[in-house]
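To start, the structure itself, in structure tokens.
The values are calculated or read from the model by the stated rules, or taken from the named source; none is laboratory data. Everything quoted here is computed from the prediction, not taken from an experiment. Cβ atoms come from the backbone with ideal geometry, glycine included; neighbour counts cover every protein chain shown. When the accessible area is computed, the model is the full protein with side chains, heavy atoms only, and any ligands, DNA or RNA have been set aside. Shrake-Rupley method; radii C 1.70, N 1.55, O 1.52, S 1.80 Å.
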Amino acid sequence: MEVFETVASLRAGLAGRGPVVLVPTMGNLHEGHLDLVRLARRHGRTVAASIFVNRLQFAPNEDFDRYPRTFAPDCEKLGAVGADVLFAPDEREVYPEPQGFKVEPSEIGQFLEGEFRPGFFRGVATVVLKLLAIVQPQVAVFGKKDYQQLRVVQAMVRQFNLATEIVAGETIRADDGLALSSRNGYLSPTERAEAVRLYRTLARVRDRLLAGGADVVDLEQSATRDLAEHGWKPDYVAVRRQADLTPPSAADRDLVVLGAARLGGTRLIDNIEFRR
Ligand code: PAF
């Protein structure tokens, strides 16, 4: 695997390599990321991963400084799973001057995560647009674990007529069901054992909706209450349409239940797609 730290060297290194598939990451790679790399391999000749912890998507009170940076093991993992190229720029390379132009997400970025993490999707969309402009991939792969992020990126690509196709990768879970996430590393052993409750709570909402007769808002409220009763600080549990994350009508079939909650000092998110 070839590692590039500058835009110029990356572009020179990619020239003549054929269609590129990009897997953007912030590093601290786990099996979920590696699965996206494997998926990328099925979509193009050259698989490029990027590692860049994007300050722009962190609020001042969030974990930018303590976000785990594990460059050497990340490189080993990417090499082992067959990535061809790694783009690992520093902040000066990505933001050589203050980033005055920013991408303001449309309505799809304003609620759920957009409400509880103001500015988050502006930061994500801005860096993703930059990465797509730098790498110019034919395909870019994003995980469904960050479901709203995936929808925001898809909407941005559509509305700006970008030439990159966005491919979605499935969420990878630990044996007990907890979605793999770099932030799981912040959990104490006791919190780690409790963390699976988020997934189980969302699964219960799905199962009750599939059983029929249950009211969506009642289910959302009782799921939120249940998390709070077990020591979580829930931001939301919400059943939404898969396509645009707006609240469903009775006729909508393709749904997703999303949740975000804080366990101790760690904020976890998860979601489950289902069809009713
Ligand atoms: O999902 C992530 O790791 C980040 O939000 C992304 C897409 C790499 C942008 O910084």
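State whether the range 133-244 is rounded, prolate or oblate according to the following rule on the C-alpha gyration tensor (a ≥ b ≥ c being the square roots of its eigenvalues): a/c under 1.5 gives rounded; otherwise a/b larger than b/c gives prolate, and the remaining case gives oblate. Oblate shape, in that a/c is at least 1.5 and b/c is the bigger or equal ratio. Once the chain from residue 9 to residue 184 is taken as fully extended at 0.36 nm per residue, the excess over their C-alpha distance is 59.6 nm. Between residue 218 and residue 17, full extension at 0.36 nm per residue minus the direct alpha carbon distance yields a gain of 67.0 nm. Quarter the surface of the alpha carbon convex hull of the range 160-202 and you get the mean projected area, 4.7 square nanometres.
Taking Cα centre as origin and charging only the Cβ of basic (Lys, Arg, +1) and acidic (Asp, Glu, -1) residues, the dipole magnitude of the chain rounds to 420 debye. When a/c reaches 1.5 or more, the comparison of a/b and b/c decides; with that in mind, is the range 109-185 rounded, prolate or oblate per its Cα gyration tensor? Since a/c reaches 1.5 but b/c is at least a/b, the shape of the range 109-185 is classed as oblate.
How much space per residue, in cubic angstrom, does the convex hull of the C-alpha atoms of the chain take up?
Convex hull of Cα atoms, per residue: 132 Å³.
Please report the net charge: other residues with Cβ closer than 11 Å to the Cβ of residue 102, K and R +1, D and E -1. List each step's numbers first, then the result.
On the way: positive: 122, 130; negative: 104.
Net charge in that neighbourhood comes out at +1.
Distance from the alpha carbon centroid of the range 188-233 to that of the range 1-46 works out to 36 angstrom.
Once the convex hull of all Cα atoms in the range 1-50 is built, its volume per residue stands at 75 Å³. Only helices reaching 24 angstrom along their own axis (Cα) with mean Kyte-Doolittle hydropathy no lower than 0.0 count here, and not one DSSP H run of the chain does. The convex hull built on the alpha-carbon positions of the range 13-84 has an orientation-averaged projected area of 5.4 nm². Could you provide, to the nearest whole Å², the per residue accessible area of the chain with probe 1.4 Å? Here the per-residue accessible area is 47 Å².
By how many nm would the segment from residue 64 to residue 160 grow when fully extended, if each residue of separation counts as 0.36 nm and the alpha-carbon distance is taken off?
Full extension of this stretch gives 31.7 nm more.
When you count the other C-beta atoms within 10 angstrom of each residue and take the mean per peptide, 105-111, 123-129 line up highest first as 123-129, 105-111.
Look at the Cα gyration tensor of the range 25-127: its axes a ≥ b ≥ c give a/c of at least 1.5 with a/b over b/c, and that counts as prolate.
In terms of its Cα atoms, the range 186-255 spans 42, 23, 18 Å along the principal axes, sorted from long to short. Over the chain, DSSP H runs of length four or greater, each weighted -39,500 (n - 2.57), average out per residue to a 222 nm ellipticity of -11500 deg cm²/dmol. For 26, 1, the ranking by accessible surface with the largest value first comes to 1, 26, using a 1.4 Å probe. Taking every protein chain into account, the 1.4 Å probe leaves residue 230 with about 80 Å² of accessible area, to the nearest ten. Figure legend: label point modelled 7 angstrom from the Cα of residue 174 along Cα→Cβ; residues of the range 187-227 with amide N under 20 Å from it are 187-204, 227.
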